[in-house]
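Read through the structure below, which is laid out as structure tokens, and then see the notes.
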Amino acid sequence: MFEDSLFYQQALQQLETVADRVGVNKGTIDRLKAPKRSIIVTVPVRMDNGDVKVFNGYRVQHSLTAGPGKGGLRYSPNVDLGEVAALAMFMSWKCGLVHLPFGGAKGGINCNPRELSAGEMERVTRRFTQEMLPFIGPNVDVMAPDMGTGEREMAWIYDTYSMHLGASCPQIVTGKSAALYGTLGRREATGRGVVYCIEEAARAIDLKLSKASAIVQGFGNVGSVAAVELAMRGVKIKGVADVSGCYIAEDGVDPMDLLTHMETHKTLEGYPAIAKISKEEFFAIDCDILVPAAMERQITAEMAPNLRCRIIAEGANGPTTNEADAWINENTDIFLIPDILCNAGGVIVSYFEWVQDMQMFFWSAQEVDSRLQQLIRRAFLACHHYARNENVSMREAALILGIGQVAQEKAARGLFP
Ligand code: GLU
């Protein structure tokens, strides 16, 4: 079960650390410690060579108190129930913190998208959606992209669900392309949200972004957009990393050029102006801003003492272990922008997409972006204000406010029957 997972323990421990300060009784906290529903399905798929391969699919709905479950679907070879359950819990706190009318959910399939053909990916996605039919719906649980999935997979989920329903239902999923009644600005939303938070943090510590430098771990949808947005503000990108390895570029590198390189080469490997280094060396690069935007549990207690940055902006979910987090908090004055705040831009714009689909009335890119800024900057300032007033870390502030919102809703609605 999920209790064996180190990542789930990390999420649970975060809840336990702040539980006394959330202001609800123990029974309500206990209701938040385990997911409401955990679904495991097998996903049998005919591979291109004619063989049948069986994948494991997961969907965990941590909370459905505020509205439908909301959260991404992750394709990654090692994904398991514990990882998905931890991520679902983070989604609950994230939606609570930015006050979206959603519960928290997350899904995963233990497949390696790099090894599957487009046809195999489509069959995996459609069969998983079919298996999920009893548990999803525009008012029940709404999936979105996460690691290894994007607009293409969301289109297949939308189509499979709509075929079953007998009517088009774009609001079943967010992160679709704008052409398919998604929203403008969803693809860039998480990375942009990260950078809006960095702007606020830079203001708080009096750092001029036009003179700053950054390193970015992960060059997918979150990391690459964050790097481009930082570079647009004059930040020098001194280090980048992806599945192919970690790289340093002392004189800075243009993230747009890196993206062009990736169009043909798929990874950062082989780009001339960057040199390969170890993960330990990467995290020790002297810079102002570190953006971990790859995956969970990357900044460990061993790594923490080597960090040479002033801001950590957690683009990924759970990139810092609790041990590393405690060490950073006690021994450094690094300004850490915690995941449930820092990467909330994605789910915020998913909310906008869902609202637009429900109404069949679509917004301009400018409207999406200005509303995104309004919500994420407001959440940042609320956390910062709370952290200073109550003398707690930014992570504790975000958790107390996020968990507090979900817990208050649960307490106010009461217990059925
Ligand atoms: N997977 C993203 C996250 O972790 C987005 C979820 C969503 O848009 O529903 O926040």
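Some points to look at:
- Looking across the stretch 174-219 at every residue that is more than 16 Å from the chain's Cα centre (by Cα), within 13 Å of the ligand (Cβ to nearest atom) and not small (Gly, Ala, Ser), the one that is farthest from residue 357 (Cα to Cα) is identified as 176.
- Counted as qualifying within the stretch 68-169 are the strands (runs of 3 or more DSSP E) with 1 or more residues that are farther than 23 Å from residue 406 by Cα, more than 11 Å from the ligand (Cβ to nearest atom) and out of contact with any Cys (no Cβ under 8 Å at 6 or more places or on another chain), namely 103-109.
- Restricting the first member to the stretch 256-279 and to residues that are within 12 Å of residue 224 (Cβ to Cβ), and the second to residues that are surrounded by fewer than 13 Cβ atoms within 10 Å (Cβ to Cβ), the beta-carbon pairs closer than 9 Å and six or more apart or on different chains are 261/270; 261/272.
- All positions within the stretch 228-243 that are surrounded by 16 or more Cβ atoms within 10 Å (Cβ to Cβ) and either at pLDDT below 95 or under 24 Å from residue 115 (Cα atoms) (or both): 240, 241, 242
- Residue in the stretch 36-51 that is within 16 Å of the ligand (Cβ to nearest atom) and buried (at least 18 other Cβ atoms within 10 Å of the Cβ) present: no
- Any chance residue 198 is assigned to a strand (DSSP E or B) and of a type outside the set (Asp, Glu): no
- Pairs linking a residue in the stretch 143-154 that is modelled with pLDDT of 95 or more to a residue that is near the ligand (Cβ under 10 Å from one of its atoms) and among the hydroxyl-bearing types (Ser, Thr, Tyr), with Cβ atoms under 6 Å and 6 or more positions apart or on different chains, are 144/174; 144/350.
- For the stretch 52-76, filtered to residues that are farther than 24 Å from residue 155 by Cβ and of a type in the set (Val, Ile, Thr), the residue that is farthest from the chain's Cα centre (by Cα) is 52.
- One residue stands out among those in the stretch 1-22 that are in contact (Cβ under 8 Å) with a residue 40 or more places away in the chain and among the acidic types (Asp, Glu): the one that is most open to solvent (accessible area, probe 1.4 Å), which is 4.
- Only a single criterion out of (1) surrounded by fewer than 19 Cβ atoms within 10 Å (Cβ to Cβ); (2) in contact (Cβ under 8 Å) with a residue 40 or more places away in the chain is not satisfied by residue 91, namely (1).
The values are calculated or read from the model by the stated rules, or taken from the named source; none is laboratory data. Nothing here was measured: the structure is a model prediction, and the numbers come from that model. Heads up, the Cβs are rebuilt from the backbone with ideal geometry, glycines too, and the neighbour counts pull from every protein chain shown. Note: areas computed on protein heavy atoms with side chains; ligands, DNA, RNA excluded. Shrake-Rupley method; radii C 1.70, N 1.55, O 1.52, S 1.80 Å.
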